Amino acid sequence: MELLTGPAVLAAVADLVKPGRRRARVAVAYVGREAPSILTLQDGDVIVINGSDNAVASGATDPRAVEQWLKAGVRVVNHPWLHAKVYVAGRTAIIGSANVSERARTGRIVEAAIRTTDSETVAKSREFIDDLIRSDGRDIDPDWVKAAKQLFPKRVAPPWEPTRPPLTAPFRLWLGWWNADWRPMTQAENGTYEAAVSELPPTYRVRARYEPDGRIEGLDAEGFFQRGDMVVMLQARNAQLVEFWESRPAGQARKKSVIGVYLRDTRLRRSVTNADVRRALEAVGSELPEEEEPHFGRWLDEPAERQAVLELWGIEDPGTL
């Protein structure tokens, strides 16, 4: 038996239900838009969710995620009173607090779970899910999806208090100069960026908790950052603290480029200049990277450097990964 906490919970769940394993049985109250990319269920798997009108209308259960699972051949069952989170596959069960959401995956909220291979516990976990289906469970079909899409809010309000301290999970922190004098996006590049934004979970859309920011990157940038990395962008004058989301190739052949998508937390409204960052680093005996390489910088690994920079945005450093 093992205790899992923070981002390790859904990382373990994703590994438990990865393709090629035995059929999975899952009971999880709420699933966000990004749930199918976290929980890669397949034909023959069963998932019980809370698909009540309240869960859908509040934005807690996203019918688009359910629709994607149905198309993959997954049996999805609605249990309107469900609040449990139980994941079972093969001889392993994970039982804990985590719904299938981006907040839980990245550690934006504090989660914990127990992973066990105890045969009796695994069997009882599987029986628990079967009992849910037999009692108040109802199979979800395309008609449910259609009706749920009408209930689902067009814009989901951030499900946390605005005063909650941001960035409480460990993350890597990059500091560098950012294409301040770079060319504007072409039509194809802008289309790639807009497509990426349209696929973001509702909380990450414009005027929600996060504001997306698209950047033209060097061709060698794809794969450099990982989702959840934080980046201090030193620009023409001001510095911006953003979270890396993904890189997407745009264009073809000789005109190929890479678009980086970053997210700015709307709660971090402090105006920070490059000079502010420079002075903060100098106070701990460090300095800014060279400006001559606008697409590069360095990882901030030293605790004193990280805290000095993050304090400019009012953030207590939670540590690095």
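The values are calculated or read from the model by the stated rules, or taken from the named source; none is laboratory data. The structure displayed is predicted, hence computed values, not measured ones. Counting neighbours? That spans all protein chains shown, and the Cβs are built from the backbone with ideal geometry, glycine included. Calculation scope for accessible area: heavy atoms of the full protein, side chains included, ligands and nucleic acids excluded. Shrake-Rupley method; radii C 1.70, N 1.55, O 1.52, S 1.80 Å.
Please enumerate the residues belonging to region 242-269 that are under 24 Å from the mean Cα position of the chain (by Cα) and over 26 Å from SER37 (Cα atoms). First the steps, then the outcome.
Step one: of region 242-269, the residues under 24 Å from the mean Cα position of the chain (by Cα) are 242-250, 258-269.
Result: ARG267, LEU268, ARG269.
Which members of region 185-233 meet the condition of being modelled with pLDDT under 80 and of a type in the set (A, V, I, L, M)?
Answer for region 185-233, where residues must be modelled with pLDDT under 80 and of a type in the set (A, V, I, L, M): LEU200, VAL206, ALA208, LEU219, ALA221.
For LEU3, only one of the following conditions fails: (1) closer than 20 Å to ILE109 by Cα; (2) part of a loop (DSSP other than H, G, I, E, B); (3) more than 18 Å from the chain's Cα centre (by Cα). What is its number?
Result: LEU3 fails condition (2) only.
Here's a check for you: in region 253-297, which residue that is basic (Lys, Arg) and under 21 Å from ILE216 (Cβ atoms) is modelled with the lowest pLDDT? Reasoning before the result, please.
Pass one, region 253-297, residues basic (Lys, Arg): 254-256, 264, 267, 269-270, 278-279.
Now narrow it down to the ones that are under 21 Å from ILE216 (Cβ atoms): 254-256, 264.
Values: ARG254: 70, LYS255: 74, LYS256: 81, ARG264: 87.
Within region 253-297, the match that is modelled with the lowest pLDDT is ARG254.
Among the listed residues TRP182, TRP177, identify the single one that is at pLDDT 85 or above and open to solvent by 20 Å² or more (accessible area, probe 1.4 Å).
Working: TRP182 fails: at pLDDT 85 or above.
Checking each option against the conditions leaves just TRP177.
Any idea how many residues of region 8-33 are modelled with pLDDT under 90, assigned to a loop (DSSP other than H, G, I, E, B) and open to solvent by 50 Å² or more (accessible area, probe 1.4 Å)?
Looking only at that region, the number is 6.
Tell me which residues, restricted to region 306-321, are charged (D, E, K, R) and open to solvent by 20 Å² or more (accessible area, probe 1.4 Å). Show your work before the answer.
Within region 306-321, the first condition is being charged (D, E, K, R), and the residues that meet it are 306, 311, 316-317.
Across region 306-321, the qualifying residues are GLU311, GLU316, ASP317.
With the structure loaded, tell me whether GLY218 is closer than 29 Å to ALA308 by Cβ, buried (at least 19 other Cβ atoms within 10 Å of the Cβ) and in contact (Cβ under 8 Å) with a residue 12 or more places away in the chain or whether it fails that test. Give the derivation first.
Details: closer than 29 Å to ALA308 by Cβ: yes; buried (at least 19 other Cβ atoms within 10 Å of the Cβ): no; in contact (Cβ under 8 Å) with a residue 12 or more places away in the chain: yes.
For GLY218, the condition - closer than 29 Å to ALA308 by Cβ, buried (at least 19 other Cβ atoms within 10 Å of the Cβ) and in contact (Cβ under 8 Å) with a residue 12 or more places away in the chain - is not met.
Here are ARG64, ARG75: which of them is open to solvent by 10 Å² or more (accessible area, probe 1.4 Å) and in contact with a Lys or Arg (Cβ under 6 Å, 6 or more places away or on another chain)? Don't jump to the end; show me each part of the working.
Values: ARG75 fails: in contact with a Lys or Arg (Cβ under 6 Å, 6 or more places away or on another chain).
Being open to solvent by 10 Å² or more (accessible area, probe 1.4 Å) and in contact with a Lys or Arg (Cβ under 6 Å, 6 or more places away or on another chain) holds for just one of ARG64, ARG75, which is ARG64.
Is there a residue in region 116-134 that is open to solvent by less than 70 Å² (accessible area, probe 1.4 Å), at pLDDT below 90 and not hydrophobic (A, V, I, L, M, F, W, C)?
The answer is no, given that none of the residues of region 116-134 is open to solvent by less than 70 Å² (accessible area, probe 1.4 Å), at pLDDT below 90 and not hydrophobic (A, V, I, L, M, F, W, C).
Given ALA113, ALA104, ALA98, which one is aliphatic (A, V, I, L, M), touching a Ser or Thr at 6+ places or on another chain (Cβ under 7 Å) and under 16 Å from ALA169 (Cβ atoms)? Steps first, answer last, please.
Details: ALA104 fails: touching a Ser or Thr at 6+ places or on another chain (Cβ under 7 Å); ALA98 fails: touching a Ser or Thr at 6+ places or on another chain (Cβ under 7 Å).
Checking each option against the conditions leaves just ALA113.
Anything in region 251-260 that is touching an Asp or Glu at 6+ places or on another chain (Cβ under 9 Å) and either without any contact (Cβ under 8 Å) to a residue 60 or more places away in the chain or buried (at least 23 other Cβ atoms within 10 Å of the Cβ) (or both)? List them, or say none. Can you show your working first?
Taking region 251-260 first, the residues touching an Asp or Glu at 6+ places or on another chain (Cβ under 9 Å) are 251, 257-260.
Residues satisfying the conditions are VAL258, ILE259, GLY260.
State whether one or more residues within region 34-52 are assigned to a loop (DSSP other than H, G, I, E, B), in contact (Cβ under 8 Å) with a residue 40 or more places away in the chain and either among the β-branched types (Val, Ile, Thr) or out of contact with any strand residue (DSSP E or B) (no Cβ under 6 Å at 6 or more places or on another chain) (or both). If you could, list the steps in order and put the result at the bottom.
As a first pass, look at region 34-52 and keep what is assigned to a loop (DSSP other than H, G, I, E, B): 34, 39-45, 50-52.
If we keep only those that are in contact (Cβ under 8 Å) with a residue 40 or more places away in the chain as well, we get 34, 39, 51.
Okay, now just the ones that are also either among the β-branched types (Val, Ile, Thr) or out of contact with any strand residue (DSSP E or B) (no Cβ under 6 Å at 6 or more places or on another chain) (or both), so 34.
Yes; the residues of region 34-52 include at least one that is assigned to a loop (DSSP other than H, G, I, E, B), in contact (Cβ under 8 Å) with a residue 40 or more places away in the chain and either among the β-branched types (Val, Ile, Thr) or out of contact with any strand residue (DSSP E or B) (no Cβ under 6 Å at 6 or more places or on another chain) (or both).
Right, THR61: within 17 Å of VAL145 (Cβ to Cβ), of a type in the set (Ser, Thr, Tyr) and either in contact (Cβ under 8 Å) with a residue 40 or more places away in the chain or in contact with a helix residue (DSSP H, G or I) (Cβ under 6 Å, 6 or more places away or on another chain) (or both) or not? Before you say what the answer is, go through the steps one by one.
Numbers: within 17 Å of VAL145 (Cβ to Cβ): yes; of a type in the set (Ser, Thr, Tyr): yes; either in contact (Cβ under 8 Å) with a residue 40 or more places away in the chain or in contact with a helix residue (DSSP H, G or I) (Cβ under 6 Å, 6 or more places away or on another chain) (or both): yes.
When the stated conditions are applied, THR61 passes them.
One residue is enough: does region 67-80 have a residue meeting the conditions within 24 Å of GLU2 (Cα to Cα) and either in contact (Cβ under 8 Å) with a residue 40 or more places away in the chain or part of a loop (DSSP other than H, G, I, E, B) (or both)? Before the answer, list the steps.
We begin by selecting, within region 67-80, every residue within 24 Å of GLU2 (Cα to Cα); these are none.
Looking for residues that are within 24 Å of GLU2 (Cα to Cα) and either in contact (Cβ under 8 Å) with a residue 40 or more places away in the chain or part of a loop (DSSP other than H, G, I, E, B) (or both), one finds none in region 67-80, hence no.
Residues being surrounded by 19 or more Cβ atoms within 10 Å (Cβ to Cβ) and part of a strand (DSSP E or B): count how many of those fall in region 96-113.
Qualifying residue count for the region: 3.
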